[in-house]
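One structure is given here, and the rest of the page talks about it.
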Amino acid sequence: MRESALVTAAASNAAAMPLLQVRDLHAWYGESHVLHGIRFEVPEGQLISLLGRNGSGRSTTLRAILGLVGRRQGSARIHGVETIALPTHRIARLGVGWCPEERAIFSSLSVEENLHLPPRLAEGGMPLDELYTLFPQLAERRRSQGTRLSGGEQQMLALARILRTGARLLLLDEITEGLAPVIVERIEATLQLLKSRAYTIVLAEQNLGVASRLADHIALIEHGQVVEAFAASELPARRADVEARLGV
Amino acid sequence: MSDIPLQAVLSQVMLGLNNGAFYALLSLGLAVIYGMLEVVNFAHGALYMMGAFGALIGLEYLEAWTGIPGLRLTFWWALLLVPLVVGAFGVLVEALLLRRIARLEPIYGLLLTFGLALILEGVFANGFSAAGEPYNGKPEALEGVVNLGFMFFPRYRLFSMLVAVLSCVAVWWVIERTRLGAQLRAGTENPAVTSAFGINVPRLRSLTYFLGAALAGLAGVVAAPIYSVGPHMGAELIIVVFAVVVIGGMGSILGAVMTGLALGVLEGLVKVVYPPMANTVVFVIMALVLLWRPAGLFGREA
Ligand SMILES: Nc1ncnc2c1ncn2[C@@H]1O[C@H](COP(=O)(O)OP(=O)(O)OP(=O)(O)O)[C@@H](O)[C@H]1O
Ligand SMILES: [Mg+2]
C-alpha cells in the first residue's frame, strides 16, 4: 500500500523522471563481486537492450534490480521509488515483471495454475482470453503440467504470466534464446505489441538482429559495467564496433 | 489363520485404523513442513505432546494457575484453541530459529528441531508426572460405544478418526486446490521467482510451519482422552511416524495419509497373527521400501 502511495506521489513529476533509473549498482554472489557500478535509465514506454558477452553480467543486472542477488549496493529507482533496501516482493509490487533466463515454469503447477499464480500488481493486466489469443498453444495446453511444454511454449507461458499481472516494467532475460525462428518471430511481434501499448522493457539479448529491430536504447555491458550507451538509431553506424565487443 | 476368530481380526483392524488415523495426521504435518520448508521437523512429536498438554492444562490447571475461578477449557474449546496456540508456537520457532539456518544444509534443521524436542520434553517432564496423567475431559456426547454391525466400537475413537480424516482432506484441498496452495508449492519450488511475482515468501514459510504445528497440536488434543498425557508421549509415537513418512515418500501429502492409515491397519493385523512382531513390522517395511524405492512409495524418484 505504501508503495502505491509513493507511486502516485512520484507520478506528478513523472514527465521528467525515467521509469527505471539504475545508478552505480553493485552486486555480489557470496564473495564474488559481479556488478561494478551499472548505470542506465529507461524512460516510460521505451525498450532498452542490454548487450554483452556471456558472463558479462546482464542477467545479474536484472536480478539485482529485483534484489535477487546475495548483496547489492547503489541505487535502483522505479517510478522514482528507491528500491535498494526493499525486499523482492515489495519491489515486484511496484509493477515489475521478470522472465528469468531459465524460464522457471513451475513443474508442480499446470499451465493455467502457472498463469494464475502471480498476484495482480496493478489494474490493466491482460485478461486470460487475450493472452490465449496471443498464444493459442497455451490455450490448447492449459491443463498440461508446466514442464511438459516445449521450450517455445514455456517461454510464451513465462511471458504471458507476467502480462496478466498488470506489471508495466518488464525485465526479459534472453527470451528468444534457443527458440525456432517462427517462435522468435512470434515473440518479437508480441514485444512490438507491448511497445505500442507503452510498456517499459529491459531486454537482455544476445541476438543483435532482434535487439536492433526492437530497441530504443542500447547499453553494452562488459565485466559488470556499462561501457557504452547510445540510442538504437546509432546502431547501424556503430555496428562494427558493437560486433567486435560482442565477439560475433 | 483359520483358528483366529474373524471378530478379533475386525476389532484389531478398527483399532489399527484408529492408530493409523493418528499416524496420518502427524505424518501429514511432517510431510507439509518437509515438502514446503525442507526441514525434517524432529520437534513434531513434542508439538503433539504440547497439544495434549494444552488440553490437560486447560482443563485441570488453568483455574489454579490464573486464579480466575471457573476458568476451564472444555474439550471442544481445547479442540479449537490449542491447535492455534501450538501453531503460533511453531511460527515463533520458525521465525526465531529455523529462519536463521534456512540456507544451511538440512542436517542443521534436523539437529535444531531435535534439540528443541529434548528441551520441550525436559520442560514438561519437570512440571508433570513422567508416567503421564489421564485426561478426564472427554465430552459426554462422545461417551459410550457405537454398534458397527460387526462390533461395538468406542464412540470417541470413531470421532477421533473422523477428525483426522476431515483434517487430512482439508489440508490436501488447501494445498492442491487453492490459490494459496499453488503459491505454497511455487514458493517451495522456486522461492526467487515466487517472490519476484510480489508474493511474500517468508510469510508463506511461517504459514506453513503454523499449519504443520497446528496439525500436530490437533492430533495431541484428540489423543488426550485416549492415551495418557505425558512428556514422552510424542517421542514414542514420532519414531513410527517418521517411518511412515519415509515409506510414503518425504513431502508427499497423499503418501503420508495413505501410508499412515495402511500401516495402522497392518500393525493391527500383525497383532492378531503374530503379536511379537506388531511393534517392529513398520520398521521392517521401511527397510524393504528403502531398498526397493528409496524415494518412498509416493515420492518422486530424483
Ligand atoms: N549464482 C551465481 N553464483 C556465483 N556467480 C554467479 C552466479 N550467477 C552468475 N554468476 C557469475 O556472474 C557473472 C555474470 O553472470 P550473468 O549470468 O549475469 O551473465 P550474463 O551476461 O547474463 O551472461 P549469460 O547469460 O550469457 O551467461 C558470471 O561471471 C557468472 O559466472
Ligand atoms: Mg544471462
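The values are calculated or read from the model by the stated rules, or taken from the named source; none is laboratory data. Everything numeric here is computed off the predicted structure, so don't read it as measured data. A quick note on method: Cβ atoms are made from the backbone with ideal geometry, for glycine too, and the neighbour counts reach across all protein chains shown.
Among B:ALA117, B:ALA141, which is buried (at least 19 other Cβ atoms within 10 Å of the Cβ) and modelled with pLDDT of 90 or more? Walk me through it before giving the result.
Working: B:ALA141 fails: buried (at least 19 other Cβ atoms within 10 Å of the Cβ).
Result: B:ALA117 is the single residue among B:ALA117, B:ALA141 that is buried (at least 19 other Cβ atoms within 10 Å of the Cβ) and modelled with pLDDT of 90 or more.
Can B:PHE22 be described as modelled with pLDDT of 90 or more, in contact with a strand residue (DSSP E or B) (Cβ under 7 Å, 6 or more places away or on another chain) and under 21 Å from B:GLY132 (Cβ atoms)?
no
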By residue number, the members of region B:196-231 that are away from every other protein chain (no Cβ under 13 Å) and either farther than 24 Å from B:VAL163 by Cβ or outside any helix (DSSP H, G or I) (or both) are B:SER206, B:ALA224, B:PRO225, B:ILE226, B:TYR227, B:SER228, B:VAL229, B:GLY230, B:PRO231
* Could you tell me whether any residue of region A:46-63 is closer than 25 Å to B:LEU104 by Cα, free of Cβ contacts under 8 Å to residues at least 60 places away in the same chain and within 14 Å of ligand 1 (Cβ to nearest atom)? => yes
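Just for strands (runs of 3 or more DSSP E) wholly inside region A:149-224: which have at least 2 residues that are within 15 Å of ligand 1 (Cβ to nearest atom) and within 14 Å of chain B (Cβ to nearest Cβ)?
Details: elements: A:169-173, A:200-204, A:217-222.
So the answer is A:169-173.
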Log entry, pairs with first residue in region A:231-246 being within 17 Å of A:LEU214 (Cα to Cα), second being of a type in the set (Gly, Ala, Ser), beta carbons closer than 6 Å, six or more apart or on different chains, reads A:ALA232/A:ALA215; A:LEU235/A:SER212
Sole miss for A:ARG120 among (1) touching a strand residue (DSSP E or B) at 6+ places or on another chain (Cβ under 8 Å); (2) within 12 Å of chain B (Cβ to nearest Cβ) is condition (1)
Do we have B:GLY217 as among the small types (Gly, Ala, Ser), modelled with pLDDT under 95, crowded, with 22+ Cβ neighbours inside 10 Å and out of contact with any strand residue (DSSP E or B) (no Cβ under 8 Å at 6 or more places or on another chain) here? no
Of the residues in region A:60-108 that are under 28 Å from A:ARG148 (Cβ atoms) and of a type in the set (Gly, Ala, Ser), the one that is surrounded by the fewest Cβ atoms within 10 Å (Cβ to Cβ) is A:SER107
Checking B:ALA192, B:ALA186 in turn, the sole residue that is surrounded by 18 or more Cβ atoms within 10 Å (Cβ to Cβ) and either within 14 Å of chain A (Cβ to nearest Cβ) or at pLDDT below 95 (or both) turns out to be B:ALA186
If I filter region A:156-170 for residues that are within 16 Å of ligand 2 (Cβ to nearest atom), within 26 Å of A:LEU109 (Cβ to Cβ), at pLDDT 95 or above and out of contact with any helix residue (DSSP H, G or I) (no Cβ under 7 Å at 6 or more places or on another chain), do I get at least one hit?
yes
Open item on the list: Take A:GLU82 and tell me if it is within 9 Å of chain B (Cβ to nearest Cβ), away from ligand 1 (no atom under 16 Å from the Cβ) and among the acidic types (Asp, Glu).
Closed with: no
The number of residues in region A:192-248 that are under 15 Å from the mean Cα position of the chain (by Cα) and aromatic (Phe, Trp, Tyr) is 1
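Is it true that A:ARG238 is modelled with pLDDT under 95, more than 14 Å from chain B (Cβ to nearest Cβ) and away from ligand 2 (no atom under 16 Å from the Cβ)? Lay out the reasoning, then the answer.
Numbers: modelled with pLDDT under 95: yes; more than 14 Å from chain B (Cβ to nearest Cβ): yes; away from ligand 2 (no atom under 16 Å from the Cβ): yes.
For A:ARG238, the condition - modelled with pLDDT under 95, more than 14 Å from chain B (Cβ to nearest Cβ) and away from ligand 2 (no atom under 16 Å from the Cβ) - is met.
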When restricted to A:ILE38, A:ILE48, the only residue within 16 Å of ligand 2 (Cβ to nearest atom), within 15 Å of the chain's Cα centre (by Cα) and assigned to a strand (DSSP E or B) is A:ILE48
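Considering only residues that are of a type in the set (Ser, Thr, Tyr) and at the interface with chain B (Cβ under 9 Å from one of its Cβ atoms), look in region A:85-116 and name the one that is nearest to B:ILE175 (Cα to Cα).
The residue in question is A:SER108.
Restricting the search to region B:122-173, which residues are closer than 20 Å to B:GLY16 by Cβ, without any contact (Cβ under 8 Å) to a residue 12 or more places away in the chain and of a type in the set (Phe, Trp, Tyr)? Step through it out loud before you land on a result.
Step one: list which residues in region B:122-173 are closer than 20 Å to B:GLY16 by Cβ, which gives B:145-168.
With without any contact (Cβ under 8 Å) to a residue 12 or more places away in the chain added as a condition, the list becomes B:145, B:147, B:149, B:152, B:154, B:162, B:166.
If the condition is that a residue be closer than 20 Å to B:GLY16 by Cβ, without any contact (Cβ under 8 Å) to a residue 12 or more places away in the chain and of a type in the set (Phe, Trp, Tyr), then B:PHE152 is the only one that fits.
Suppose we filter A:ILE221, A:ILE187 for residues that are within 30 Å of A:HIS89 (Cβ to Cβ) and touching a Lys or Arg at 6+ places or on another chain (Cβ under 7 Å); which single one remains? Lay out the reasoning, then the answer.
Numbers: A:ILE187 fails: touching a Lys or Arg at 6+ places or on another chain (Cβ under 7 Å).
Just a single option satisfies the conditions, and that option is A:ILE221.
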Restricting attention to region A:53-79, the residues that are within 16 Å of ligand 2 (Cβ to nearest atom), away from chain B (no Cβ under 13 Å) and of a type in the set (Lys, Arg) number exactly 2
